[in-house]
Amino acid sequence: MKTITGILIALQLLTNATAQRLCGSEAYTAEISRTNPAALNGYREAEAQIIKTLGKSGLKRRDTAANEIIYIPVVVHVLYKTAAQNISDAQILSQLESLNKDFAYQNEDKSNTPKAFRSVAADVKIKFCLAQVAPDGKRTNGIIRKYTNTEVFSADDAMKYALNGGSTAWNSRQYLNIWVCNLGGRSLGYATQPGGPANLDGIVIAFDAFGTIGNLRPSFNKGRTATHEVGHWLGLKHIWGDTDCGDDGVEDTPRQKSYNYGCPSFPRVTTCSENENGDMFMNYMDFSDDACMNMFTEGQKQRMRALFATGNLRNSFLTSFACDSNLVQAGPIAAPVDTTVTPAPVAPVAAEQTKVYPNPVQNEVVIECKNASKQDVKQMAVFSITGNKVFTAVLDKEKTRFNFSFLKAGIYVVKIGEGKNVTVTKLVKQ
């Protein structure tokens, strides 16, 4: 897509600061919309889903789904021609750590959020992990490394095609694909908006703006480029709405005249400011330097999470099990340490005491509980991934069969026993 590349070059020539953030997402989306009517319809459908989920105005500040943590499996495609571009596992892990802190509002610099905006700063309750299960069911570390003859990539999606020196995406309904490569000019990255072509879905980041350690550009060394682009991937717009004194469709982000860059001083008031607090330049969806970004808002949180509601575009991630390496093993599986999933912290007993199979299950499941008998009855409960109890039973023999055809496809937690003699198993219903 030469037009996209031309737009990015023009933006770069207009930029008067050598270390200014440049995001290619808006130009990329505009070009895809112009050349691909199906993608344009997809973008519109995704936006309609968000607005419908949030309410007719699209601006209501209320949680529209359970406030459980949503887990996003990530596959990182590292494309390199030089040793410097072949970034280390440690650098990749530093980016995942930064993403998780930023989305949880647990970043070390959250104290820099101005008091005027702290009341709307949000823990988005979305966590990212390197995928542990590949599409074929085999183990993976979630990192793909590929040598490429391509000197420099641009925003034409070549990095997403093996034939063009790139790496083919994994199933974008189950994985967040991140391509890390040598991006031309000063562009730090770009993202696909929800609703675009599935084989292109994901984000692209320059290798020297990814993570918090390694050979990074000084102004972009805290991982906030990925935080910004994942925000786009989850349906957020730039905070100024990509137009003069524009609107990003979020109630609690103040109207801005345009983007900010560098590290402005608070308050930054312009002719477009709604009050004396001015711009929310520390928001991840502005263009400020990494060191001056530190928050999403509650409104942005609701907009992102709306995509995971039943029937909406990212809902399939709620049944993705690619974060859990245990799901490629036989036998009982330890539950994640997350009290939103299990009713209470538990200590699993020895693996041979209890077996749940087949796993994944389509209809009939067998529960083997070694010590169950009419004199030693075991209580069993099945919980949805959101923590709702969906089934209970009494185990009074060592092997019991149940028909789980009534359960919807997804991930469930099976709890057997009470007190110290408890085993917890994750069950995948197909």
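Readers should treat all values here as calculations from the given coordinates under stated rules, not as data from a laboratory. For clarity, every value in this text was computed on a predicted model and none was experimentally measured. A quick note on method: Cβ atoms are made from the backbone with ideal geometry, for glycine too, and the neighbour counts reach across all protein chains shown.
What is the Cα convex hull volume of the stretch 148-253 when expressed per residue in Å³? Provide the component values of the computation, followed by the final result.
Details: hull volume 14.0 nm³, N = 106.
Convex hull volume per residue, Cα atoms: 132 Å³.
Considering only GLN193, LEU130, THR168, the residue lying farthest towards the positive end of the dipole of the stretch 125-225 is LEU130, judged by Cα position with unit charges set on Cβ. Placing a label point 7 Å from the Cα of ALA84 along the Cα-to-Cβ line, the residues of the stretch 122-161 whose backbone N sits under 16 Å from it are 151-153.
Per-residue Cβ neighbour counts within 10 Å put CYS323, CYS369 in the sequence CYS323, CYS369, beginning with the fewest.
Centroid-to-centroid, using Cα positions, the stretch 270-305 and the stretch 223-250 are 9 Å apart.
About the centre of its Cα atoms, the stretch 75-172 shows a dipole size close to 240 debye [charges on the beta carbon of Lys, Arg (+1) and Asp, Glu (-1) only; nearest 20 debye].
So if each residue of separation counts as 0.36 nm, and I subtract the Cα-Cα distance between ASP247 and SER373, what length gain in nm does that give? It would help to have the intermediate numbers written out before the result.
On the way: separation 126, 0.36 × 126 = 45.36 nm, distance 6.40 nm.
Taking ASP247 through SER373 to full extension adds about 39.0 nm, to one decimal.
For a footprinting-style exposure proxy, rank MET380, MET293, MET159 by other Cβ within 10 Å, fewest first. With the sparsest Cβ surroundings first, the list reads MET380, MET159, MET293. For the stretch 195-322, the ratio of Cα radius of gyration to the globular rule of thumb 2.2 N^0.38 Å stands at 1.14.
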